[in-house]
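Worksheet for the structure shown next.
The values are calculated or read from the model by the stated rules, or taken from the named source; none is laboratory data. Values in this document were obtained by computation on a predicted structure and should not be read as measured data. Positions of Cβ are backbone-derived with ideal geometry, glycine not excepted, and every protein chain shown enters the neighbour counts. The accessibility values were calculated without ligands, DNA or RNA, using every heavy atom of the protein model including side chains. Shrake-Rupley method; radii C 1.70, N 1.55, O 1.52, S 1.80 Å.
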There are 2 protein chains.
Amino acid sequence: MGKQATEMLKGTLEGIVLAILAGRPAYGYEITAWLRDQGFSDIAEGTIYALLVRVEQRGLVDVAKVPSEKGPPRKVYSLNAQGREYLEEFWTTWSFLAERLEQLRKGGK
Amino acid sequence: MGKQATEMLKGTLEGIVLAILAGRPAYGYEITAWLRDQGFSDIAEGTIYALLVRVEQRGLVDVAKVPSEKGPPRKVYSLNAQGREYLEEFWTTWSFLAERLEQLRKGGK
DNA sequence: TACCGGTACCTAGCAACACCGAATACTCGA
DNA sequence: TCGAGTATTCGGTGTTGCTAGGTACCGGTA
């Protein structure tokens with residue numbers, strides 16, 4: 001991916017992570033790995049951890065410390081009610097944006 | 001719109017403006033008005049002007065100063081070859097992102 | 001004339017976010 | 001013992017959009 005992606009991810013990455021957590025609880029390392037797997041090849045690890053701290057401080061997720069067999073304990077995040085609400089808003093905003101862009105794309109060709 | 005939108009616009013707004021310019025040349029004030037019309041209710045004027053300066057400095061657009069009947073002269077921007085190329089990349093990046101998000105949205109429900 | 005609103009552009013300072021690079025710490029196999 | 005994989009944290013940087021002003025030109029109105 002490129003430099004465009006970096007800027008485009010701003011604000012979107014948060015929604016992506018929350019959407020993942022909406023499906024199932026997960027921890028940072030796992031999320032990073034999954035994202036890389038999905039083609040987000042150069043998402044920095046530090047970015048995900050910082051993001052998780054942020055959403056935790058905003059009270060969108062609950063955290064549980066779970067011991068790991070192969071390394072330091074994991075911090076498993078799960079989306080709570082407030083987070084679900086926030087995610088709904090995210091989808092609304094995203095839809096709005098996606099619609100305008102799709103329109104522009106058609107019109108511009 | 002909300003604070004989510006502000007962050008989500010980062011990186012995307014540039015593509016939006018370039019996509020507009022791909023359709024027809026335009027000047028800042030006009031673009032701002034059009035965006036407001038399209039529902040981007042709280043995009044600040046200064047934001048657009050700053051963005052236009054940036055894309056000009058990167059050589060993605062050409063500029064022509066055109067006198068106006070009702071105010072200071074307009075700076076009319078038009079997308080050049082390099083800008084068109086850049087816009088193509090933007091659409092590629094956007095498509096990638098939009099696909100992942102659409103998938104997440106389905107899966108998460 | 002004086003003033004206001006619409007047109008049109010510009011700028012300095014701020015906050016948020018993703019990235020980079022490095023550090024810490026735990027476990028296991030060579 | 002040492003490296004590799006697992007797992008998290010942190011300080012500093014660059015880019016971006018927003019805030020909140022300012023400049024300037026024009027027409028109409030009081």
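Data overview
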{"quantity": "Test: B:Ile43 is of a type in the set (Val, Ile, Thr) and in a loop (DSSP other than H, G, I, E, B)", "calculated": "yes"}
{"quantity": "Tally, over segment A:53-109, of residues that are outside any helix (DSSP H, G or I) and within 14 Å of another protein chain (Cβ to nearest Cβ)", "calculated": "5"}
{"quantity": "Residues satisfying the stated conditions in segment A:35-56, i.e. surrounded by 14 or more Cβ atoms within 10 Å (Cβ to Cβ) and closer than 20 Å to B:Gly107 by Cα", "calculated": "A:Leu35, A:Gln38, A:Phe40"}
{"quantity": "Residue count for segment A:30-40, restricted to those that are farther than 17 Å from A:Leu79 by Cα and either outside any helix (DSSP H, G or I) or more than 10 Å from DNA strand C (Cβ to nearest atom) (or both)", "calculated": "7"}
{"quantity": "Scan of segment B:3-22 for residues that are free of Cβ contacts under 8 Å to residues at least 60 places away in the same chain, within 12 Å of the chain's Cα centre (by Cα) and in a helix (DSSP H, G or I), ordered by number", "calculated": "B:Leu9, B:Leu13, B:Ile16, B:Val17, B:Ile20"}
{"quantity": "Per-region count, segment A:64-88, residues more than 11 Å from DNA strand C (Cβ to nearest atom), open to solvent by 50 Å² or more (accessible area, probe 1.4 Å) and farther than 25 Å from B:Lys106 by Cα", "calculated": "4"}
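Okay, residues lined up against (1) within 12 Å of DNA strand D (Cβ to nearest atom); (2) within 30 Å of A:Phe40 (Cα to Cα); (3) modelled with pLDDT under 95; (4) not aliphatic (A, V, I, L, M):
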site: B:Ala33; (1), (2), (3), (4): no, no, no, no
site: B:Gly46; (1), (2), (3), (4): yes, no, no, yes
site: B:Pro67; (1), (2), (3), (4): yes, no, yes, yes
site: B:Glu85; (1), (2), (3), (4): no, yes, no, yes
